[in-house]
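Take a look at the structure set out below.
The values are calculated or read from the model by the stated rules, or taken from the named source; none is laboratory data. Nothing here was measured: the structure is a model prediction, and the numbers come from that model. Glycine gets a Cβ as well: all are built from the backbone with ideal geometry, and neighbour counts include every protein chain shown. SASA here: full protein model, heavy atoms, side chains in, ligands and nucleic acids out. Shrake-Rupley method; radii C 1.70, N 1.55, O 1.52, S 1.80 Å.
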Amino acid sequence: MQAILQAAQEIFAERGYHGTSIKEIARKAGVAAGTVYLYLRNKEALFTALVDEIYEMVLSKIAERRRGALDIRGKLQASMEAAIETLGNHRKLAKVILVQTASSNPAVTEQLADLLDRLAELVEADIKEAVETGQIPPLDTRIAATAFVGTFYNVVLTFLRKGYPADPKETIGPLVEYNLRGLGFTSLRD
């Protein structure tokens with residue numbers, strides 16, 4: 001199954017959702033097309049499985065980076081850095097998923113909504129802790145977390161759609177500063 005998902009990742013990234021066939025994926029994976037259908041019923045199911053894998057990769061990279069953070073600001077920064085770097089490393093596939101397919105495929109739309117909700121829950125926990133410890137002024141933590149994730153998501157979409165900036169890592173500094181200031185952190189360098 002992993003060989004099929006790897007092949008699917010490469011083919012979907014090269015040709016997009018509509019330009020990809022199960023036959024091409026099977027050939028790239030070195031299996032018969034029928035073998036793909038043993039695991040997944042159709043191309044949409046294969047794409048959905050691939051989207052799940054990419055989203056779980058983003059979430060696991062975020063969790064990994066957050067473990068090394070020393071404080072709340074560090075956790076929030078690590079989260080944004082990990083997500084941008086992971087999506088940047090899979091730029092073509094991320095564009096297929098987030099730009100070309102997310103709005104036209106109900107299953108992918110639902111997966112994206114779930115991912116954004118999971119990210120907002122993670123950020124909300126950090127914001128609550130920052131409010132409780134007096135690091136930032138009181139605010140509606142759910143709205144703040146949703147705005148934080150929404151800002152991040154829109155920057156990622158701009159990078160994927162327009163290629164600006166050319167290197168996604170260039171977004172990290174300004175995005176981190178903007179989001180942390182928006183939450184009410186006054187000193188960003190401590």
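Only one of these is part of a loop (DSSP other than H, G, I, E, B) and surrounded by 16 or more Cβ atoms within 10 Å (Cβ to Cβ): VAL36, VAL51, VAL31. Name it.
VAL31
For residues in the stretch 13-28 being open to solvent by 50 Å² or more (accessible area, probe 1.4 Å) and closer than 20 Å to LYS92 by Cα, which is modelled with the highest pLDDT?
LYS28
What tally of residues in the stretch 88-110 results from selecting those that are in contact with a Ser or Thr (Cβ under 8 Å, 6 or more places away or on another chain) and surrounded by 19 or more Cβ atoms within 10 Å (Cβ to Cβ)?
Of the residues in the stretch 88-110, 1 are in contact with a Ser or Thr (Cβ under 8 Å, 6 or more places away or on another chain) and surrounded by 19 or more Cβ atoms within 10 Å (Cβ to Cβ).
Just the residues that are in a helix (DSSP H, G or I) and either open to solvent by 30 Å² or more (accessible area, probe 1.4 Å) or more than 12 Å from LEU180 (Cα to Cα) (or both), please, taken from the stretch 122-148.
Hits for the stretch 122-148 are LEU122, GLU124, ALA125, LYS128, GLU129, VAL131, GLU132, THR141, ARG142, ILE143, THR146, ALA147.
Do we have THR171 as at pLDDT below 95 and either open to solvent by less than 60 Å² (accessible area, probe 1.4 Å) or among the aliphatic types (A, V, I, L, M) (or both) here?
yes
From (1) open to solvent by 40 Å² or more (accessible area, probe 1.4 Å); (2) closer than 30 Å to HIS18 by Cβ, pick out the condition that doesn't hold for PHE152.
If we test PHE152 against (1) open to solvent by 40 Å² or more (accessible area, probe 1.4 Å); (2) closer than 30 Å to HIS18 by Cβ, just (1) comes out false.
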